[in-house]
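Undergrad: My structure is below; once you've seen it, I'll send some questions.
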Amino acid sequence: MTPLQNKVAELFENGTISLMIGYKNAINKLAVPCFIDHATQVEQLIYTPECKGNLSVYLHKAEIKQAKKIGILANIATLRSLVQLTSENQLSDIEKTVITINAQNEVLVFDNMEKVEEYVQANFPEYTEEDKKLLEQLNSMTRAERWQYWSEQFAACVKCYACRAVCPMCYCSSCTVECNQPQWIKVSSETTGNLEWHTMRAMHLAGRCINCGECGRICPVGIPVHLLTAQMNLDIEKEFGSKTGFSCNSGYALNTFKPEDKEQFIK
Amino acid sequence: MARIGVFICHCGENISATVDVAKVAEKAGKLSGVAYSVDYKYMCSDPGQTLIIDAIKEHKLTGIVVASCSPRMHEGTFRKAAEKAGINPYFCEMANIREQVSWVHPKSDATTQKALDIVRTMVEKVKKNTALTPIKVPITKTALVIGGGIAGIQAALDIANAGHSVIMVEKKPSIGGHMSQLSETFPTLDCSQCILTPRMVEVAQHPNITLYTYAEVEKVTGFVGNFEVTIRMKAKSVDHSKCTGCGTCWQKCPSKKIPDEFNEGMGFRTAIYSPFPQAVPNKPVIDRDHCNYFQKGKCGVCQKICPAGAIDYEVQDEFLDVKVGAIITATGFDLKHADFFPEYGYGQFKDVIDGMMFERLASASGPTAGEIRRPSDGKIPEKIVFVACAGSRDKAKGIEYCSKICCMYTAKHAMLYKHKKHDGDAYVFYMDIRAAGKDYDEFVRRAIEEDDVHYIRGRVSRIYEKNGKLIVKGVDTLMNGDPVEIEADMVVLATAVIANQDAETVAQRMHISYNKHHFFAEAHPKLRPVETNTAGIMLAGACQGAKDIPETVSQASASASKAIGLFSSNEMTREPIVAVVNRQAPPNFTSCTGCMLCMEVCPYHAIEREEMKDRTGNLIKVAVKVNAGLCQGCGTCVAMCRNKSIDLQGFSNDQMLSEVMALLNS
Amino acid sequence: MEPKNQYIPYKMRIASITEEAPLVQTYRLEFVDEKDAEQFTFRAGQFAEYGVFGEGESTFCIASSPTREGYLECTFRSTGRVTKALANCELNDIIGLRGPFGNTFPIEEWYGKNIVFVTGGIALPPLRCVIWNLLDQREKFGDITIYYGARSVNDLVYKEELEEWSSRSDVKLYVTVDPGGETPEWKGLVGFVPTVLEQNPPKSDNAVAIVAGPPILIKMGMPILSKNGFDNANIYTTLENRMKCGVGKCGHCTVGKTYVCKDGPVFTYEEVLKMPAEY
Amino acid sequence: MEIKNIKLSQLPAFFDQLIKSGKVVIAPVMKKSGKVFFERVQSYSQVATDYIQTGFSAKSVVFPKVEVLFSFNKTDDGIDIKDSITDIPETIVWGLRPCDGSAFNYMTEFFLKENPDVYYAARKAKTTLIAISCAKADDACFCTSVGLTPGSTEGSDLLLTTMGEDVYVEVITEKGKAAIDLSASLFSVNEERSKEKYLAKIDTKFSLTEIKERIKTAYDSAEWKNESMGCFGCGACAFSCPTCTCFDIQDEGTQNKGQRLRCWDACGFGQFTKHASGHNPKTNQTQRRRQRLMHKFQYSVENLGIVSCVGCGRCIRVCPAHLNIFENILSVTQ
């Protein structure tokens, strides 16, 4: 048994957790989320570089919440989402134990969010090189070129809403696209309506997205949607100095006012 | 099925001179859903309203659009007309074709078209209107008065005399406030305590007033008519129900060298004390910070000698929850200490004092029994220099605003001195004399002309001591800016009026706004000067800004009248233009996800957390709800809500979008 | 013949509008095109898609009886985007109609039997179609008993027809309102429909029952009838799942393998019991 | 069935003839993201040849993601309604996999057997399917478990199997014949032979006969919850699936002028079955995913006699959570 499996088994045995959200092996060497409710099942648990999925999304599910004592295996992005979700009052009714594996391959167990916050702040991730490059490319474009770029990308969108589904911050039980009085966003999938949808999503995630990049990774038609929210985050960090998924008690930059807030961004 | 009536008003010629009203009426009549349209000279007139009422009945209209002036002017008028005709008043909308069209555009086809466009947007809006019912909120007919100075006293007495209960909270051991420290008052020079103390006693004895001294407001929740207030009753260490106020304790208390706040530090008091002889209640409290028993653990003299056995060292701060319908904030002011002007030598030279110290020196109950003597050696000064605007109207070093009362009290001080020391010399350095008020200028002129006070228009640059005299150096700007040097025995600085140190905390506790100087903000500087932005919380006295006694008393009575007005009915009616969080069948309950962003942005604190539980009490969901009593319908929360779970009644997203679409599709 | 394009609606003119209850209206619809009127036939229990152009379509049963020719009636509550737009229509406006869709109540099989209707709120309209169908050939049926309830007195629909039925000697009518929904003038029963049904059980011999209502009423009402001796095959209901196409394609109304729109909406309790309870 | 041969080197020439015919030619194109999608192409050089499976199936040719049912226009004396069926172009789909070809069989049965769908009928009638056998497969492929092979001819009009320098051409339908007749000279007569060794090897994951039997009692399996817990409720699987046919009908425009559209919908979406009253018969993802999987393996068998899963593996490849349909099916039928 791996140290992770041992640790989780121990948490089950001492009654700390009654449900563990982790990863198990899937075909094509991928990792699939698994939900285990007994120490005897811990042997399926893995932790590999393929464990990219953001498991915190599952904490919004009613079936999961029923479990009461939840253990969750979290990569750094998931840890950040937990911090951000806490700051947005989304996890207050969940008793959770957070397990992560650090760079030294040690299994760490956090029984409260202060510790998670501390760990996240000490290990705050940078943007990936690839994302940095892509953002640089986008920012070097003229406005017209950028518009062209995104229009082409969104022409392919089929509105499967997988980007929304995998996003830990998209926790609304009914999304704006599902409101039809008024109909904010067109239901059909065509370039303008798709742009509306993705723009709205980017605005709703501005300063809240925790840069896990899942939305871009899983898009079935390969649109790098995560770049939109990543750029919004950079802008907000620059203008208001606030980082997402960094502090459990930080207010939201876009609904709080500080006298020192800059206003140059209004053009 | 919508049957909309459109009523185009000429407003005399205000509209019809620029807009082709007949054409607007004709075209509006052809809009989808419009069953009737007409133009008329004055829709707001009685015949105009009758026209609307008759049309609603005759054409079975389901909604009306009155195209005339701003809704600020006549929305109420037309809504009432709609109601009289038997439809819900919220099916009446106004299209503003006067302020937004005829007054701002020349006569042209485009102007007429704009009027029609505005009418069309409102027709589309009214189609999406829903019947709204005014919100009834019950009222707790008890007022809370915070602060027992003259403002609080006046407000409390007015409300109590009108037959309503009042709870008064005063943080000091006695009510009376700053006015109780004053010697005589301008412009009549009557004795401050003589006119104040009867009021203080009246408060204490009034059957409708419950007085809590040595107490502070800890927390305010709720909304107009229904506030819930937690009051911290600071531990007095003396059981006032037993204490007879005999005074034995403070006579025997061994800690006698505590600077006396009531006398502005010019004198001493004991650790167990009542602040002044006319205090109400005239029963002592123990100042634990200076009491030997509390600081060193031994003494206990007062407990031993108290004939009533009223001393209780064990008692702790207690919290009292009360429900009130209105709150009058009368927390008063503070004076800026003069030590921020080092060149004036305040604190360095004992005989450089501030105005309040002078009041105590001039007061019969003061440390010198009313004789004006120098703090340094007790001598009667031969020459006093009064410096007005010591900190006020001084953006560079002090505060930018005018403290308003200093001109008057400086004249009063000079006059009092001259009355007591006829051959003394009084000099006043001033910037301008601001004596606007009934009999005020006459008062200042009396000081100058009858009492021979020397007024020098100029600022003082420096004060220093030389041979037992205070050398006051300044300029006289009326004499070409010539330097002036006066050898004085005493200098009185008219320091600036500032907000209380804890004003910001108090404002935040009350959820009321305040300006940058921490004075509490009125709802409207001209038209709603005694109300705050939070409905049901009124202001009285200098907590709102520098004020003299007459003004304070007027404002106190005004705020009392607001409370009495509120209490005149059992419930109040509020416009139903409030935000509402949607509700759905369980297990969803609502689409609200409880991110609480709306709660943070709500300027009225109208959004509350709500827990959704199943029948067995298990928490299913945390969401928010809007307290309709507090909501003012500003719509900030609507803008914040990502998934449109919150909407503003009467201005819903659907209605707004219909208006926009009506314009875009024209 | 080319198969008909089932997505192209008939154009219908709104011929009359009746306010039934708060937010509930009945529209009488007439065909704009006479040829359509001639072609169009339907039977009790069938439904249609009513569309406001530019807003969408909404599904409800045809509320008028096939025995009354020359028009169709529908009764709806405005709750969603389409029904609100529909409610905003005016007399003589043109709306779309697709249908009739779905199966029907086997009225011929009921000849000579006693008929019991159990329904609540806005679910009376689908049964009103059947009730008038029966009443228009009253001699062919035995006793007719109707249990109908609404949240409040104000929410009862077809108030005049309820009066008419209650005054008829050949109809037994129980009208009830939920506790708290009664007015001082209310002389009828107070209580939920299933309770009233349990307290005044209908005779099950030679009887069929039809239950229509919100899912909760169907789920509670059918077992009560079953317990009272009704054969499960003689208890009918009409399900109203979300529907879009009406022809068994779009997938919204599926309950297991069943497409409510084409295999239903009329089902017997026997059939319902074989389905997953996802309705 | 007629068997023909064409030199591998002649395929571009054949393809160019298809383009020249003026029909719309849809073929797999490699995108920057490395994924392959069907797209309208103008020359063979655009066509991807080295791929296992396209990201999305070719179903959008007969069942577009957004289809205009009709447009309407309010006039003074009523409403004009115009359907769009006449505008449908002749289309050739090139390079779909045999599994996708068989998916068309299911869709035709579903759309046309009962209450025939005129839009589907019109599009299908104008579509020619030129399939290419699979020489490669990955772990997600499981056509052999649902009764197909990497060389199945079901549903396609023409099947091309590369055999070294030659391409073995199976002409399955008249439409297929018409396609090769466009460049008849490139094709020589061939005799029937086994494609076996040129086809990818795909292990069977389960016995279809057993699954069909066992799934009849699978509705109540406790495993559904475990198998569905990971499901996020997005529509990626349904939209990429060659046999998923759920749709929504929506109006766009104003009440005066606009269109009625049908748009792809997915039974996994949380609001898919929600009533206007707010009541939702399928309240959780377990119920929704069960509906989708049971539909594929049981309900479509009961309704149409066809297992409506063709084993293309797209849902497995595209699932954000990497859920695996054949593992799920095995688990709930255990």
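Undergrad: Quick check on the range B:150-174: of everything there that is of a type in the set (G, A, S) and in contact with a strand residue (DSSP E or B) (Cβ under 9 Å, 6 or more places away or on another chain), which residue is surrounded by the most Cβ atoms within 10 Å (Cβ to Cβ)?
TA: It comes out as B:A155.
Undergrad: Suppose we filter the range A:71-87 for residues that are out of contact with any helix residue (DSSP H, G or I) (no Cβ under 8 Å at 6 or more places or on another chain) and either in contact (Cβ under 8 Å) with a residue 40 or more places away in the chain or acidic (D, E) (or both); how many remain?
TA: Taking the range A:71-87 and keeping what is out of contact with any helix residue (DSSP H, G or I) (no Cβ under 8 Å at 6 or more places or on another chain), we get A:75, A:84, A:87.
Next, from what is left, pick out any that are either in contact (Cβ under 8 Å) with a residue 40 or more places away in the chain or acidic (D, E) (or both): A:84, A:87.
Counting residues in the range A:71-87 that are out of contact with any helix residue (DSSP H, G or I) (no Cβ under 8 Å at 6 or more places or on another chain) and either in contact (Cβ under 8 Å) with a residue 40 or more places away in the chain or acidic (D, E) (or both) gives 2.
Undergrad: Quick check on A:R201: is it more than 9 Å from chain D (Cβ to nearest Cβ), of a type in the set (K, R) and in contact with a Cys (Cβ under 9 Å, 6 or more places away or on another chain)?
TA: Values: more than 9 Å from chain D (Cβ to nearest Cβ): yes; of a type in the set (K, R): yes; in contact with a Cys (Cβ under 9 Å, 6 or more places away or on another chain): yes.
So A:R201 fits the description; yes.
Undergrad: Mind listing just one residue for me: the one in the range D:84-134 that is small (G, A, S) and surrounded by 21 or more Cβ atoms within 10 Å (Cβ to Cβ) and, of those, nearest to the other protein chains (Cβ to nearest Cβ)?
TA: D:A103
Undergrad: Has the range C:70-79 got at least one residue that is within 13 Å of another protein chain (Cβ to nearest Cβ) and in a strand (DSSP E or B)?
TA: Yes: one or more hits.
Undergrad: So, in the range C:226-248, exactly how many residues are at positive phi and within 10 Å of chain D (Cβ to nearest Cβ)?
TA: Selection size over the range C:226-248: 2.
Undergrad: Kindly indicate which of C:G251, C:G264 is on the phi > 0 side of the Ramachandran plot, within 14 Å of chain D (Cβ to nearest Cβ) and surrounded by 18 or more Cβ atoms within 10 Å (Cβ to Cβ).
TA: C:G251
Undergrad: Can you go through A:Q121, A:Q137, A:Q84, A:Q90 and tell me which one is among the polar types (S, T, N, Q) and within 14 Å of chain D (Cβ to nearest Cβ)? Can you show your working first?
TA: Values: A:Q121 fails: within 14 Å of chain D (Cβ to nearest Cβ); A:Q84 fails: within 14 Å of chain D (Cβ to nearest Cβ); A:Q90 fails: within 14 Å of chain D (Cβ to nearest Cβ).
After applying the criteria, what remains is A:Q137.
Undergrad: Among the residues that make up the range A:76-84, is at least one of them outside any helix (DSSP H, G or I) and surrounded by fewer than 21 Cβ atoms within 10 Å (Cβ to Cβ)?
TA: no
Undergrad: A follow-up question, please. Determine whether the range D:63-83 contains at least one residue that is under 21 Å from D:C143 (Cβ atoms), away from chain A (no Cβ under 14 Å) and open to solvent by 40 Å² or more (accessible area, probe 1.4 Å).
TA: no
Undergrad: With respect to B:K397, determine if the residue is open to solvent by 50 Å² or more (accessible area, probe 1.4 Å), in contact (Cβ under 8 Å) with a residue 12 or more places away in the chain, closer than 17 Å to B:S461 by Cα and not assigned by TED's automatic domain parsing to the domain that holds B:G541. Write out each step before concluding.
TA: Values: open to solvent by 50 Å² or more (accessible area, probe 1.4 Å): yes; in contact (Cβ under 8 Å) with a residue 12 or more places away in the chain: yes; closer than 17 Å to B:S461 by Cα: yes; not assigned by TED's automatic domain parsing to the domain that holds B:G541: yes.
Against the criterion (open to solvent by 50 Å² or more (accessible area, probe 1.4 Å), in contact (Cβ under 8 Å) with a residue 12 or more places away in the chain, closer than 17 Å to B:S461 by Cα and not assigned by TED's automatic domain parsing to the domain that holds B:G541), B:K397 qualifies.
Undergrad: Okay, moving on. Say whether the condition of being outside any strand (DSSP E or B) and aliphatic (A, V, I, L, M) is met by at least one residue in the range D:225-235.
TA: Scanning the range D:225-235 turns up at least one residue that is outside any strand (DSSP E or B) and aliphatic (A, V, I, L, M).
Undergrad: Just give me the residues in the range D:135-160 being touching a helix residue (DSSP H, G or I) at 6+ places or on another chain (Cβ under 6 Å) and surrounded by fewer than 19 Cβ atoms within 10 Å (Cβ to Cβ), in sequence order.
TA: D:D139, D:G147
Undergrad: Among the residues of the range D:282-294, how many are open to solvent by less than 10 Å² (accessible area, probe 1.4 Å) and within 9 Å of chain C (Cβ to nearest Cβ)?
TA: From the range D:282-294, those open to solvent by less than 10 Å² (accessible area, probe 1.4 Å) are D:282, D:293-294; that's our starting set.
The next check asks that each one be within 9 Å of chain C (Cβ to nearest Cβ); those that pass are D:282, D:294.
Qualifying residue count, the range D:282-294: 2.
Undergrad: Okay, moving on. Just to be sure before I move on: is B:V475 modelled with pLDDT under 95, surrounded by 15 or more Cβ atoms within 10 Å (Cβ to Cβ) and either under 21 Å from B:F186 (Cα atoms) or not assigned by TED's automatic domain parsing to the domain that holds B:I327 (or both) in the structure I sent?
TA: On the way: modelled with pLDDT under 95: yes; surrounded by 15 or more Cβ atoms within 10 Å (Cβ to Cβ): yes; either under 21 Å from B:F186 (Cα atoms) or not assigned by TED's automatic domain parsing to the domain that holds B:I327 (or both): yes.
Judged against the criteria, B:V475 is a match.
Undergrad: Moving on to the next point. Kindly check whether there is at least one residue in the range D:30-51 that is in contact (Cβ under 8 Å) with a residue 60 or more places away in the chain and surrounded by 15 or more Cβ atoms within 10 Å (Cβ to Cβ).
TA: no
Undergrad: I'd like to know if the range B:651-666 contains one or more residues that are more than 9 Å from chain A (Cβ to nearest Cβ) and under 34 Å from the mean Cα position of the chain (by Cα).
TA: Yes, that holds for at least one residue.
Undergrad: Related question: Whether any residue in the range B:199-206 is of a type in the set (D, E), under 30 Å from B:V444 (Cβ atoms) and over 23 Å from the mean Cα position of the chain (by Cα) is what I want to check. Walk me through it before giving the result.
TA: The first filter runs over the range B:199-206 and keeps only residues of a type in the set (D, E), leaving B:202.
Next, only the ones that are under 30 Å from B:V444 (Cβ atoms) stay: none.
No, that holds for no residue.
Undergrad: May I pose another question? Considering only residues that are open to solvent by 20 Å² or more (accessible area, probe 1.4 Å) and within 14 Å of chain D (Cβ to nearest Cβ), which ones fall in the range C:83-101?
TA: C:K84, C:N88, C:E90, C:N92, C:D93, C:I94, C:P100 - these are the residues of the range C:83-101 that are open to solvent by 20 Å² or more (accessible area, probe 1.4 Å) and within 14 Å of chain D (Cβ to nearest Cβ).
Undergrad: I've got another one for you. From the residues in the range D:246-279 that are out of contact with any strand residue (DSSP E or B) (no Cβ under 9 Å at 6 or more places or on another chain) and open to solvent by less than 30 Å² (accessible area, probe 1.4 Å), which one is farthest from the other protein chains (Cβ to nearest Cβ)?
TA: Looking at residues that are out of contact with any strand residue (DSSP E or B) (no Cβ under 9 Å at 6 or more places or on another chain) and open to solvent by less than 30 Å² (accessible area, probe 1.4 Å), I get D:G268.
Undergrad: Next question. Find all pairs meeting these conditions: Cβ atoms under 6 angstrom apart; at least six residues apart or on different chains; first residue within the range B:25-47 and more than 14 Å from chain C (Cβ to nearest Cβ); second residue assigned to a helix (DSSP H, G or I) and open to solvent by 30 Å² or more (accessible area, probe 1.4 Å).
TA: Taking only residues 6 or more apart or on different chains, the pairs are B:D39/B:A22; B:Y40/B:L51; B:C44/B:H74; B:C44/B:T77.
Undergrad: Conditions first: (1) assigned to a helix (DSSP H, G or I); (2) at pLDDT 95 or above. B:I328 passes all but one, so which condition is the exception?
TA: Exception for B:I328: condition (1).
Undergrad: Now a separate question. Mind listing just one residue for me: the one in the range C:23-44 that is open to solvent by 60 Å² or more (accessible area, probe 1.4 Å), part of a loop (DSSP other than H, G, I, E, B) and in contact with a helix residue (DSSP H, G or I) (Cβ under 9 Å, 6 or more places away or on another chain) and, of those, farthest from the other protein chains (Cβ to nearest Cβ)?
TA: C:R43
Undergrad: Quick check on my filter: what residues within the range D:295-334 are over 21 Å from C:H252 (Cβ atoms), open to solvent by less than 30 Å² (accessible area, probe 1.4 Å), more than 8 Å from every other protein chain (Cβ to nearest Cβ) and part of a helix (DSSP H, G or I)?
TA: Residues satisfying the conditions are D:R314, D:I325, D:F326, D:N328, D:I329, D:S331, D:V332.
Undergrad: May I ask you to verify whether A:T16 is touching a residue at least 12 places away in the same chain (Cβ under 8 Å), among the β-branched types (V, I, T), surrounded by fewer than 18 Cβ atoms within 10 Å (Cβ to Cβ) and over 28 Å from A:E126 (Cα atoms)? Steps first, answer last, please.
TA: Numbers: touching a residue at least 12 places away in the same chain (Cβ under 8 Å): yes; among the β-branched types (V, I, T): yes; surrounded by fewer than 18 Cβ atoms within 10 Å (Cβ to Cβ): yes; over 28 Å from A:E126 (Cα atoms): yes.
Yes; evaluated as a whole, the condition is true for this residue.
Undergrad: Being free of Cβ contacts under 8 Å to residues at least 60 places away in the same chain and assigned to a strand (DSSP E or B) is the filter here; which residues of the range C:170-212 pass it?
TA: If the condition is that a residue be free of Cβ contacts under 8 Å to residues at least 60 places away in the same chain and assigned to a strand (DSSP E or B), then C:K172, C:L173, C:Y174, C:V175, C:T176, C:V177, C:L189, C:V190 are the ones that fit.
Undergrad: Let me ask something else about it. Could you give every pair whose Cβ atoms fall below 9 Å, whose first residue belongs to the range D:211-238 and is within 11 Å of chain A (Cβ to nearest Cβ), and whose second residue is open to solvent by 40 Å² or more (accessible area, probe 1.4 Å), counting only separations of at least 6 or pairs across chains?
TA: Qualifying pairs under 9 Å: D:K225/D:N284; D:E227/D:E327; D:S228/D:N284.
Undergrad: If you don't mind, there's one more thing I want to ask. Quick one: B:Q316 ticks every box in (1) among the polar types (S, T, N, Q); (2) surrounded by 15 or more Cβ atoms within 10 Å (Cβ to Cβ); (3) touching a residue at least 12 places away in the same chain (Cβ under 8 Å) bar one, so which box is it?
TA: (2)
The values are calculated or read from the model by the stated rules, or taken from the named source; none is laboratory data. Just so it is clear, the structure is predicted and the values come from calculations on it, not from any experiment. Reconstructed Cβ throughout: ideal geometry from the backbone, glycine too, with neighbour counts over all protein chains shown. Remember, those area values only see protein heavy atoms, side chains included, never the ligands or the DNA or RNA. Shrake-Rupley method; radii C 1.70, N 1.55, O 1.52, S 1.80 Å.
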